[in-house]
Every structure is written in structure tokens, then in C-alpha cells.
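Here is the structure we will look at, set down as C-alpha cells.
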Amino acid sequence: MRIKSILGLPFDVLKYEFVEKGFSVLDAKRVYPWIHPKLAQTFEEMSDVPKQVRERLPDFFSLGRPICKILQESSDVTSKALLEFEDGNCVETVFIPDEKRNTICVSSQVGCPIGCRFCNTGTQQFCRNLTSSEIMAQIIFWMERQKKLNAAPITNIVFMGMGEPLLNSQNLFAVLKILLNVKTYNFSRNKITVSTSGIVDNSIIELAKFGVKLAVSLHAPNDKKRSALMPINNKYKISDVLDAALNYYKASNTSHVTFEYLLLDGINDSDDDAFELSKLLRKFGAHARVNLIMFNSWNGSKFMGVSNEKANHFSKILLARGIRTIIRKSRGRDIFAACGQLKSEEK
Ligand code: SAH
Ligand code: SF4
């Protein structure tokens, strides 16, 4: 029989699995706090769980951690880990500390089926969705590392690693349930951001119920340019994406939606592009933020980034039109841990 990892099960699911295997609800209630937030690595250490139960649990369930194949630290202390799961598939996850925050960037899929032209992950063949336990395992990996180093805990989580989170929405939601649960990690919904390339089906409506922050990868001010960069735009057009983002903002009770805009030299960086973008976002008023992203290059990429001056100029046009705009700092470039650089073809 297959042994199932329970790292990524919300309590109600764990309870169900336990009862199905002949354990009691009380057993589930006793075991759960050991998994989250105590981060127990074995059933053996769960001292208030009856011994017979502790001995029988490993026949059905595991608390197994992925293998960390590579851990790299950048000159700006951003770290990147390549984690290997049971079937040999790997993903990358990134730790980004700064003065006030410890942010981790989490992957949701092995590879990505969306295939954005500027993204290194998009060039890798899509393999599969991660399970909720595999997503949670990345978060636990950094939590345990901070604990071991006696360092400050993780404060922010961004789903901006490999893959499109909304194409793996049920597993994403299971992880959000765990993180937001007051009895486990009690994360504030404002400290969690989900970034999407603009999958605006039912999943984004469901996501709004969690009230986490939403980031939308826009990257172009019109459909012609966006479709050339992001094939997903042939399915969900800019107007669909913006409507869904506005609905998200209203339904989720968040303060704003972030629009990510990757500046690519000669492609989407002209004054006219900035004017057009500001018009698109006008209806959001103060509830849109634009994060201008500097391009992180990778081997074989066909694009060029823009200079700091160009980015400042583009940002000024948006600011002058009342659009809150920042230029996002890029971290961990030297270890290829920055946005769009993650790849894990090891298999
Ligand atoms: N799949 C989701 C989340 C992961 S990508 C999404 O696309 O939103 C995280 C962010 O990195 C996205 O905004 C993405 O467009 C951006 N990105 C991709 N490739 C990049 C690159 N080469 N340089 C800078 N940012 C990039
Ligand atoms: Fe996938 Fe996001 Fe990369 Fe596009 S940018 S290929 S959606 S990971």
C-alpha cells in the first residue's frame, strides 16, 4: 500500500483519512498540532499520542521531507534550494530575507504549461502538479532551517516560484487553509501573495474567499503584445483578466491588486505603452499597484531588459497618472533565484 504524506492535509482532511484507516478523531486531534506548528519529523516523538497509535501510523502515513539536493546562497543572502520529491522530480524554492521581512517563494508545479516566452520555467517541459504536501514541504523546509539557525521566522510567503498556482488550485487552497489556520501558523492573509498569469476561471473566485493578496502578471498594455509574450492571453484576454481582478479586489476585501509588468527592451517599454497601461488600470483607482520588474536573463532567452533610467522614466509616466508604481528589486540573480529564472530539469 502507498504511504501517504500528510504534511499538506488541512485538519478536516486528515481527520477523514484517519477515520478511514481505523484511527479515531481524538487521534487526529492529538497528532495534528505535532505536524503544524510543531514540525515533528516522526510519529515517535508525539508524546501524548498513545503508543499503539504511534506505532501503527507509519504503516499508512508519512511526515517525510523532500531531499535538499542543492542549497545555494547568493551574495545578497538570498538562498535557493532544489528539493527532490519521492518520484525524483525536483522544484526550486527561494528564501529572501531583508531588514523587516523573511519572504519565501514557493513553487506549485514541476515545470509550467503556460509557456511565457520570457520565462525560464516556461521553457522547461511541464511535468505535473505538486501535491499539497509537496507545496507545504517547501514552506516547512525554510521554517525548519530558520529554527535550526536560531534565526527569525518566515514572515511572508509568495506563490511566485515555478508553475501556475491557479492551475493547481485545490492543492494551493489546502496549503492556504493550513497556513491561515489560527491553531497552526495563524498567518495573516496580508502576508501571503498568489501570483497568476491570468487564469480567470472559477479558481480565482474561490481564491478570493481566502482573502490573500493577488498579483497578476500583465506584462503588456494590449492583447496583441500580451499574446505575443504570453500564449495564455489567447484564452483569457486582458479585459477578462482585469474584470476578474476587479472582482477579486471587491470579493476578497484586500486593499489592492498588484499588476506585474516586466519591462522588455523595445517590446513593451515605450511611452505609449505606459500611457495605454495607465488607461487600462484607471478603473482600479488607488486599488491597483504596478510592480515594474527588471528582466532576469537566462541562457537562451531572446529578450533584453531595460536600463534603470528607462524603468524610472516608465514609472514616472504611471505615477503622474495616479497609478501607484514601484520598481521591484531583483534578488538572487547571481544564483538564478530571481523571478523567471527557476528551472529544475534534474530528474
Ligand atoms: N506563474 C505565475 C507565478 C510565477 S512567475 C505567474 O506567471 O504569475 C513569477 C513572476 O516572475 C511573474 O510575474 C513572471 O511573469 C515573472 N517572470 C517570469 N520570467 C521572468 C524573467 N525572466 N525576468 C523577470 N521576471 C520574470
Ligand atoms: Fe509559467 Fe509564470 Fe513562467 Fe509564465 S511566468 S511560464 S505562468 S511560471
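Bear in mind that the values in this text are calculations on the coordinates, not laboratory data. All values derive from a computational prediction rather than experimental measurement. Glycine gets a Cβ as well: all are built from the backbone with ideal geometry, and neighbour counts include every protein chain shown.
Over segment 118-234, calculate the relative contact order: mean separation of alpha carbon pairs under 8 Å at least 6 apart, over the residue count, as a percent. Each step should come with its number before you reach the end.
On the way: 109 pairs, mean separation 24.8, N = 117.
It comes to 21 percent, rounded to a whole number.
Once the Cα atoms of helix 271-281 and of the chain are each reduced to a long axis, what angle between those two axes, in degrees from 0 to 90 to the nearest 10, is obtained?
Result, in degrees: 50.
With an 8 Å cut-off on Cα pairs and a minimum separation of 6 or more residues, tell me the relative contact order of the chain in percent.
Working: 662 pairs, mean separation 55.8, N = 347.
Value for the chain: 16 percent.
In whole angstrom, note down how far apart the Cα centers of segment 109-140 and segment 171-197 are.
If we compute the Cα centre of each part, the gap is 18 Å.
I'd like the antiparallel share, as a percent to the nearest 5, of DSSP beta bridges with both residues in segment 67-335.
Details: 18 of 44 bridges.
Just about 40 percent of them are antiparallel.
Quick one: helix 11-20 against the long Cα principal axis of the chain, what's the angle to the nearest 10°, folded into 0 to 90?
Compared with the principal axis, the helix lies near 40 degrees.
Give the long-range amide H neighbours of Met160: residues separated by 5 or more places, or on another chain, with amide H under 5 Å away, using H modelled in the peptide plane at 1.01 Å from N.
Excluding prolines and chain starts, which carry no amide H, the hits are Val106.
Along each of the three principal axes of the Cα atoms of segment 4-144, give the extent in whole Å, ordering the values from largest to smallest.
52, 35, 24
Where a ≥ b ≥ c are the square roots of the eigenvalues of the C-alpha gyration tensor, would you call segment 247-300 rounded, which needs a/c under 1.5, or, failing that, prolate if a/b is larger than b/c, or oblate?
Oblate, since a/c reaches 1.5 and b/c is not below a/b.
Taking 8 Å as the Cα distance limit and 6 or more residues as the minimum spacing, I'd like the relative contact order of segment 4-62 as a percentage. All intermediate terms of the calculation are to be shown ahead of the outcome.
Values: 40 pairs, mean separation 22.8, N = 59.
Relative contact order of segment 4-62: 39 percent.
Quick one: grab the alpha carbon gyration tensor of the chain, order the square roots of its eigenvalues as a ≥ b ≥ c, and give me rounded if a/c is under 1.5, else prolate or oblate depending on whether a/b is larger than b/c.
Cα axes put the chain in the prolate bin.
Which order results if Lys51, Lys80, Lys279, Lys237 are arranged by neighbouring Cβ count within 10 Å, fewest first?
The most exposed by this proxy come first: Lys51, Lys279, Lys237, Lys80.
List the pairs from Lys100/Lys250; Lys80/Lys148; Lys213/Lys310; Lys209/Lys237 whose alpha-carbon separation is above 20 Å, in the order I gave them.
Result: Lys100/Lys250; Lys213/Lys310; Lys209/Lys237 exceed 20 Å.
Against the longest principal axis of the chain, how steep is helix 25-35, in degrees 0 to 90 to the nearest 10, with axes from Cα atoms?
60 degrees
Let a ≥ b ≥ c be the square roots of the eigenvalues of the Cα gyration tensor of segment 4-62; is it rounded (a/c under 1.5), or, if not, prolate (a/b larger than b/c) or oblate?
Values: a/c = 1.32, a/b = 1.06, b/c = 1.25.
Rounded, because the longest to shortest axis ratio a/c is under 1.5.
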